[in-house]
1. With respect to Lys76, determine if the residue is modelled with pLDDT under 90, outside any loop (DSSP other than H, G, I, E, B) and either more than 16 Å from the ligand (Cβ to nearest atom) or open to solvent by less than 100 Å² (accessible area, probe 1.4 Å) (or both).
2. I'm trying to understand the selection: among the residues of segment 42-54, which are part of a loop (DSSP other than H, G, I, E, B) and at pLDDT below 90?
3. Identify all residues within segment 55-64 that are in a loop (DSSP other than H, G, I, E, B) and within 12 Å of Gln45 (Cβ to Cβ); write none if there are none.
Amino acid sequence: MIQIEIELAVAIYLALSILILLIWIVFEWKKKTTEDLNMDNSLWQCPTCFYTYIDSRSESISKCPRCGTLHKKEEKE
Ligand SMILES: [Zn+2]
């Protein structure tokens, strides 16, 4: 009886470990995908001097670090 309980406990422990590992993998994968999207969204190109830079703080309006022009985010095609 005790033997079965130990085997059951080990089985549950292993199942939980695999489940946690899978959740962690999915979480990391989603995090990476979100980071990639954020990186893509934070890339700006100034329409005045065509300087390309990364500004992750701004979402719709950004200031060019080279010429100081405020400009809106260009819509992607
Ligand atoms: Zn500029």
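1. Values: modelled with pLDDT under 90: yes; outside any loop (DSSP other than H, G, I, E, B): no; either more than 16 Å from the ligand (Cβ to nearest atom) or open to solvent by less than 100 Å² (accessible area, probe 1.4 Å) (or both): yes.
In short, no.
2. The answer is Ser42, and nothing else.
3. Asp55, Cys64
The values are calculated or read from the model by the stated rules, or taken from the named source; none is laboratory data. Remember, it's a predicted structure, so these values are computed and weren't measured experimentally. Every residue, glycine as well, gets a Cβ built from its backbone with ideal geometry; the counts of neighbours run over all protein chains shown. To get the accessible areas, we keep the full protein, side chains included, count just its heavy atoms, and leave off ligands, DNA and RNA. Shrake-Rupley method; radii C 1.70, N 1.55, O 1.52, S 1.80 Å.
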